[in-house]
Every structure is written in C-alpha cells, then in structure tokens.
Amino acid sequence: MRTAALLTAALLALPAAAEVVAEADFNDGTLGAFEPAQYGEGEFSVEVVAGLGRDGTPCVRVTNLDPKAGAAAKYGMRYDAGRAYTISFWARAEEGTARVSAYLDTGDWRLNYPGGYCAPVEVGAEWQAVAYTNIHQQGRGYLANVRNNSPGSVLIDDIRIVRSDGEFAINRALASNGGEPSADSLYPQYRLQALNDGLQIHVGSDFTRRATATAETEEPHWVQVAFPGPRPISRMVIYWAAEGGTVYCSRRFDVQVHVEGRWTTVTEVEEPEPAPFSAVEFDEVQATAVRILQPGGGGCAQRPNLLWVSEVEAY
Ligand SMILES: [Ca+2]
Ligand SMILES: [Ca+2]
C-alpha cells in the first residue's frame, strides 16, 4: 500500500470536530485577544506593525531588547482537562535567525512536552509555519503564549489555538511511556535516547542530544521503538534532524509495524521536498514496535546514506 505523507501544511489544517479557541491575524492593527507579556527579565516590546506580515498585512513584532527577556504574545484561556490542543502560527526573523516557541501554562506535561514549554524552533528570514500538536494538560491552566526565545525581534502572524474534540493522544513511543529505542547502527557519538525523549528539536544542547543518526553507509538503515506490550497505533510522526535551519528529511522510507511477531509495511513514503516532520496515518493495529526503514541511498539529498531522526512518535 502506498499513501502520501501528510506534510506540515496538512497538519496545520483544522482537524474535524475541533474548536478554534483563539486566532489572530492582527490585520485590524491591534493585538486582538492577545496581550504583551514577558517571561524573562529586562526590557521588551510586543507591538503590531503594518505591512511586514504575511501578504503585506499587519503582524506582531515580539522583541527582546534585553537578551534575558522572554517577550510573548499572551492569550488568557481556560482548559478543558484531557483535551488536546494545537498552537500554530507563522514566524520569521527580522535579522539572521531567531528561535520561537509556544507555551501552555498547564498542570501536567508528562507525555509530550517535558519542561513546561514546547521546544523552540529556529526560523530565518522567510515566513515559516510552526505547529505544536497534541499539547494537553490535566489540571488548571491560565494562559497560552507564543514567544521569542532569542535576542532581537521576531515577526509573528496568524496565531491559532485549537482544541480537539477528542481526548489527547498518548505517544506510545515516548521513553517515559516505556518505549525502547534501537537502530541498525549508530553514527559515532550519537545516542539512541534522542529518538524518543519527547524533544523534537533540542536547541542549545550538543548535537548528539538533538537527534539519532545511523552509520553513513550504503545499505538500508532503520530506527525503531518497541513498546512494553501491544499498543493501538494508527498514526506516526517522524521529526527529522535539523541543523542551522536546514532539515535533513529522508526522501524515501517505509513505516513498519510489528504485529503478532512479524514486521508489516503500512506505508511507503516519498518526500519530494524536505519537511520538518512527516506524518502518516493508517488503519489501527495492535503493534509491539514501530520502525522507520530507509532503503539504500534513501536519505536526505545532502547525506543520502544516513538516516537522521530527531524524534519518533506513535499514536
Ligand atoms: Ca496579518
Ligand atoms: Ca528527540
């Protein structure tokens, strides 16, 4: 069976039976339901600016005048316990590159976003879509924000906070849920732990913690995560390694599930353009493990003999 991978844009689309909690395009020249906030210390500014947004519309400029400031566009909200949320927005740096992230002030981050915030994403001069999915909480919550994690200014446009109608999905591959990572081989210094530590991109730490890489050789390569027992799986998200704004997305790979003692390929994926992550959906199976199998030379254009993955999620 061959199915197309869902790219970033597909995940940004509003899922069925979901409710938009808040959205802002800033086109009326105001912050709308959002307000300025900062989560560090020192001077900052959050202001709507004309003409610099998407399609020449207004957008919001989030500036850390003091490098220790953590300026943000904040939205006051109440959560429905157990629901999954998505925060998406577009961002670009005004100079060089910048790091942006979203944050939900939640009571429990055990499953997907340890540390209380979504891992920052690096953006450059071009508008880039950023989406954090399956954010959830199990307690009280007071606010959500989109913040600038770097010195200087970032432009933000088209923020959207969406609540799904269903329960949050459990990432069965996550180490804290019992996932055991393995691979056919390891590139020197890389570690398996990065495969399922819950961090899609780990800005600021050393490269061996940001992703797992296999040996750079011509034969097929694979990475896999085994579960403590059979788990219902119907969706996987593979986050690719990224360095300095370049995404190292494999061009060809198979998604496999281990069911009743044997491996089955549920989908063969081709990614014609590098994507920050690849998401695939398939009929639910009771799997004891999932695997990404890359045929010989199927890696990214720059390193075709390497399989280089930042995180594997299985739902
Ligand atoms: Ca706008
Ligand atoms: Ca990781």
- Name the single residue, out of those in the range 74-96 being in a strand (DSSP E or B) and within 14 Å of Glu35 (Cα to Cα), that is farthest from ligand 1 (Cβ to nearest atom). Gly76
- Item | Residues (at pLDDT 85 or above and either open to solvent by less than 20 Å² (accessible area, probe 1.4 Å) or assigned to a strand (DSSP E or B) (or both)) located in the range 97-106 | Ala98, Arg99, Val100, Ser101, Ala102
- Are there any pairs, at least 6 apart or on different chains, whose C-beta atoms fall under 6 Å, with the first in the range 219-246 and more than 16 Å from ligand 2 (Cβ to nearest atom) and the second open to solvent by less than 40 Å² (accessible area, probe 1.4 Å) and not in a strand (DSSP E or B), and if so, which? Glu219/Gly296; Pro220/Gly296; His221/Thr214; His221/Leu307; Pro228/Gly178; Arg235/Tyr315; Gly245/Gly124
- Message: Would you confirm, using the coordinates I've provided, whether Thr86 is polar (S, T, N, Q) and within 17 Å of Ala144 (Cβ to Cβ)?
- Response: yes
- Message: I'd like the residue in the range 178-196 that is open to solvent by less than 60 Å² (accessible area, probe 1.4 Å) and either within 16 Å of ligand 1 (Cβ to nearest atom) or over 15 Å from Trp308 (Cα atoms) (or both) and, out of all such residues, is modelled with the lowest pLDDT.
- Response: Gly178
- In the range 230-253, the residues that are more than 30 Å from Gly96 (Cβ to Cβ) and surrounded by fewer than 19 Cβ atoms within 10 Å (Cβ to Cβ): Pro230, Pro232, Ser234, Arg235, Arg252
- Restricting the first residue to the range 58-73 and requiring it to be within 19 Å of Gly32 (Cβ to Cβ) and assigned by TED's automatic domain parsing to the domain that holds Phe26, which pairs with a second residue that is within 16 Å of ligand 2 (Cβ to nearest atom) and of a type outside the set (Asp, Glu) meet a Cβ separation below 6 Å and a spacing of at least six or different chains? none
- Message: If I filter the range 296-304 for residues that are outside any loop (DSSP other than H, G, I, E, B) and either under 19 Å from the mean Cα position of the chain (by Cα) or away from ligand 2 (no atom under 16 Å from the Cβ) (or both), do I get at least one hit?
- Response: no
- Query: Just wondering, is there one or more residues in the range 233-252 that are of a type outside the set (Ser, Thr, Tyr), on the phi > 0 side of the Ramachandran plot and at pLDDT below 95?
  - Reply: yes
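The values are calculated or read from the model by the stated rules, or taken from the named source; none is laboratory data. Keep in mind the model is a prediction, meaning the values are calculated, not measured. As a convention, Cβ positions derive from the backbone with ideal geometry for all residues, glycine included, and neighbour counts pool all protein chains shown. Each accessible area value is taken on the protein alone, full model and side chains, heavy atoms only, with ligands, DNA and RNA left out. Shrake-Rupley method; radii C 1.70, N 1.55, O 1.52, S 1.80 Å.
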